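Asks: Attaching a single structure in structure tokens format; questions to follow.
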Amino acid sequence: MPDHKTALVTGASFGIGQELARIFAREGYSLVLVARTGDKLRQLASELEKAHGTRSLILASDLSAPGAAAYVHDQTTRADITVDVLVNNAGFGQLGLFAENDLEECLQQIQLNITTLTHLTRLYLPEMLARKSGRILNVASTIAFQPGPYQAVYGASKAFVLSFSATIIVCRSRL
Ligand SMILES: NC(=O)c1ccc[n+]([C@@H]2O[C@H](COP(=O)([O-])OP(=O)(O)OC[C@H]3O[C@@H](n4cnc5c(N)ncnc54)[C@H](OP(=O)(O)O)[C@@H]3O)[C@@H](O)[C@H]2O)c1
């Protein structure tokens with residue numbers, strides 16, 4: 001893997017993350033694919049290996065669990081993988097009246113959309129700065145710009161992603 005540029009994509013088992021993984025594979029990147037549904041990740045890795053010879057490390061992990069970001073970072077370090085592009089894509093949005101939303105799910109949403117995204121960025125960004133090379137793509141949403149009805153915490157979490165990403169963009173001048 002060290003000969004190739006590598007993109008780490010969270011939430012690669014479905015949707016936007018899966019498509020981003022396909023694009024990186026087409027561009028010749030090796031991949032680190034992260035999500036809970038290991039079967040879907042293995043299916044995608046097999047598809048991309050056949051189509052482009054892509055090498056993938058699969059990490060079936062619940063990123064809403066505390067410590068998940070450290071686990072992911074530890075696994076890439078152990079595998080001697082340099083993460084050239086970090087894509088913080090995994091996220092979900094809870095719908096409904098805040099006062100009636102399931103509390104546990106609400107807190108998982110914050111953990112996934114905010115805490116793990118921040119933790120992964122904090123773990124990989126210093127390595128990128130030291131190498132003077134690397135990119136981070138944090139997936140927010142248009143709801144980051146305008147609070148949305150029945151999506152109080154989701155909207156706030158994406159506003160965090162937008163504000164946080166806009167702030168750390170100053171680091172670009174050091175890459
Ligand atoms: N689709 C839209 O219209 C839209 C609009 C604006 C922003 N976004 C943002 O774009 C990103 C991707 O959205 P999407 O529409 O592609 O969503 P999606 O189809 O529901 O896919 C979400 C991905 O995140 C993963 N994921 C969810 N919870 C996870 C957890 N606890 N641990 C690890 N992985 C987890 C899912 O995999 P597993 O279930 O296998 O874990 C899946 O791969 C999200 O951040 C979302 O907020 C989407």
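The values are calculated or read from the model by the stated rules, or taken from the named source; none is laboratory data. These numbers come from a predicted model, not from an experiment. Quick reminder, even Gly has a Cβ in these numbers, built from the backbone with ideal geometry, and neighbours come from all protein chains shown. For the accessible areas, the whole protein counts, side chains as well, though only heavy atoms, and no ligand, DNA or RNA atoms are used. Shrake-Rupley method; radii C 1.70, N 1.55, O 1.52, S 1.80 Å.
Asks: Out of the residues in region 39-62 that are among the small types (Gly, Ala, Ser), open to solvent by less than 60 Å² (accessible area, probe 1.4 Å) and over 16 Å from residue 88 (Cα atoms), state the one that is farthest from the ligand (Cβ to nearest atom).
Replies: Result: 53.
Asks: Filter region 14-33 down to the residues that are near the ligand (Cβ under 10 Å from one of its atoms), under 17 Å from residue 120 (Cβ atoms) and buried (at least 19 other Cβ atoms within 10 Å of the Cβ) and list them by number.
Replies: Result: 17, 20, 21, 33.
Asks: Restricting to region 1-58, what's the tally of residues that are within 19 Å of residue 136 (Cβ to Cβ), modelled with pLDDT of 95 or more and assigned to a loop (DSSP other than H, G, I, E, B)?
Replies: Total meeting the criteria: 5.
Residue-by-condition table, conditions (1) open to solvent by less than 70 Å² (accessible area, probe 1.4 Å); (2) assigned to a strand (DSSP E or B); (3) closer than 18 Å to residue 36 by Cα:
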position: 82; (1), (2), (3): yes, no, no
position: 87; (1), (2), (3): yes, yes, yes
position: 90; (1), (2), (3): yes, no, yes
position: 96; (1), (2), (3): yes, no, no
position: 99; (1), (2), (3): no, no, no
position: 105; (1), (2), (3): no, no, yes
position: 110; (1), (2), (3): yes, no, yes
position: 113; (1), (2), (3): yes, no, yes
position: 116; (1), (2), (3): yes, no, yes
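Asks: Being surrounded by fewer than 19 Cβ atoms within 10 Å (Cβ to Cβ) and closer than 18 Å to residue 93 by Cβ is the filter here; which residues of region 119-143 pass it?
Replies: Those that are surrounded by fewer than 19 Cβ atoms within 10 Å (Cβ to Cβ) and closer than 18 Å to residue 93 by Cβ: 141, 142, 143.
Asks: So which of 107, 103, 97, 86 is closer than 30 Å to residue 5 by Cα and not charged (D, E, K, R)? Steps first, please.
Replies: Details: 107 fails: closer than 30 Å to residue 5 by Cα; 103 fails: closer than 30 Å to residue 5 by Cα; 97 fails: closer than 30 Å to residue 5 by Cα.
Going through 107, 103, 97, 86 in turn, just one is closer than 30 Å to residue 5 by Cα and not charged (D, E, K, R): 86.
Asks: Exactly one condition in (1) more than 19 Å from residue 161 (Cα to Cα); (2) touching a helix residue (DSSP H, G or I) at 6+ places or on another chain (Cβ under 7 Å) is not met by residue 93; state its number.
Replies: So the condition that residue 93 fails would be (1).
Asks: Checking residue 36 against (1) farther than 14 Å from residue 112 by Cβ; (2) within 11 Å of the ligand (Cβ to nearest atom); (3) among the basic types (Lys, Arg); (4) in contact with an Asp or Glu (Cβ under 9 Å, 6 or more places away or on another chain): exactly one of these is not met. Which one?
Replies: (1)
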